[in-house]
1. Could you please report the charge total around THR232, scoring K, R as +1 and D, E as -1 over all other residues with beta-carbon less than 13 angstrom from its beta-carbon?
2. Along the charge dipole of the stretch 152-283, pointing to its positive end and built from +1/-1 on Cβ of Lys, Arg, Asp and Glu, which listed residue (ASN225, ALA171, ILE237) has its Cα farthest out?
3. State, as an integer percentage, the relative contact order of the stretch 92-144 based on alpha-carbon contacts under 8 Å between residues 6 or more apart.
4. Quick one: Kirkwood hydrodynamic radius for the stretch 227-313, alpha-carbon pairs, angstrom, one decimal?
5. Taking the chain as a Gaussian network, where each spring joins two C-alpha atoms under 10 Å apart, which residue of PRO191, PRO83, PRO250 fluctuates the most?
6. Distances longer than 15 Å among the Cα atoms of the stretch 88-166: what percent of all pairs is that?
7. Out of the total accessible area of the chain (probe 1.4 Å, heavy atoms of protein only), what percent is carbon and sulfur?
8. How large is ³J(HN,Hα), in whole Hz, for each residue of the stretch 37-50 in order, when computed from phi with the Karplus curve 6.51 cos²θ - 1.76 cosθ + 1.60 and θ = phi - 60°, using x for Gly and Pro?
Amino acid sequence: MNKQIKIGIVGYGNLGKGVVSSIEQSSDMIVEGIFTRRSPESISVNNPNLKVLHISQAEAYKDEIDVMILCGGSATDLPEQGPQFARDFNTVDSFDTHAKIPEYFDSVDKEARENGKTSIISVGWDPGLFSINRLMAEAILPVGETYTFWGNGVSQGHSDAIRRIEGVKGAVQYTVPIKEAVEKVRSGMNPELSTAEKHLRVCYVVTEEGYDQAEIEKEIKTMPNYFADYETEVNFISEEELKDKHSKLPHGGFVIRGGQSGEGNKQIIEFSLNLDSNPEFTSSVLVAYARAAYRLNKEGQVGAKSVFEVPPVYLSPKSAEELRKNLL
């Protein structure tokens, strides 16, 4: 049996728990440790063999862990943790603030390259799998338009951004595609659509006592990179209603490219996802790319990478020969 890849996990929220579940389905990997900012004693795990440690202890494991999967949020956690952990570990993360990916890539690349590590950033389904499908569709149909729709579903990043506003006790944000826009795209009309014409953002928010809900609503609706460019609906509800009606984390979406081939024939490419659990699916993508990060580093391919620079063969536990035989 080949050596198992030793995985470290930073953060044990929904994403971190999903990583543990995914690794349990991956015979070539094992969890070496979970690192948290909380008191390790306060963390409940189903497997008694899992080590839960304070994040300050992570550096002591730099020679034990093959890949560290970073499960923090993109708003404040990853901009700090990405470069920090890239100094000592191969890393994979799900940084999803699209507008800031170039600068985030540069900050992680500097640390990883200087220390001989490999870091794959912005891994998940968007950015991630959807990014790959946008690239492929545009390469195959150079004349055309590409559209991305998200939802219906809970956006973890946007929900996290709301929860970080002072006075917010809990929040969930749903991304909802506008049906009329989707129908126009699928028909091959290739319409010009503004950001606001493609999606609604529907927020359910629980506030702490004594805070001005009008001010919180204003802060949500004007938040750059998250809500400022969208039609946003904010609903203030009770903590009980949030728990009863908004505790699940479904999501999905689709990438559509409408184009034409050389003879002027209309061609439509579509890739879609329908997910019962957004964090568990994202975690599964992270784990596959952790395998790739380990392999790339073994080959001496250091520095930051995006999903565009990772060959698909590196994601699978199967050999290239097996993949050619069974999947090609």
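1. Taking every Cβ under 13 Å from that of THR232, the sum is -2.
2. ASN225
3. Relative contact order for the stretch 92-144 comes out at 42 percent.
4. On the way: mean 1/r = 0.0564 Å⁻¹.
The Cα-based Kirkwood calculation yields 17.7 Å.
5. Largest GNM mean-square fluctuation: PRO191.
6. On the way: 2093 of 3081 pairs.
Looking at the stretch 88-166, the distances longer than 15 Å represent 68 percent of pairs.
7. The value for the chain is 46 percent carbon and sulfur by accessible area.
8. Going residue by residue, I get 7, 7, 5, x, 5, 7, 8, 9, 10, 6, 9, x, 7, 6 Hz, with x marking Gly and Pro.
The values are calculated or read from the model by the stated rules, or taken from the named source; none is laboratory data. It should be emphasised that the depicted structure is a prediction, and the values quoted were computed from it without experimental measurement. Neighbour counts run over all protein chains shown; Cβ positions are idealised from the backbone, glycine included. Protein only, heavy atoms only, side chains kept; ligands, DNA and RNA dropped before computing areas. Shrake-Rupley method; radii C 1.70, N 1.55, O 1.52, S 1.80 Å.
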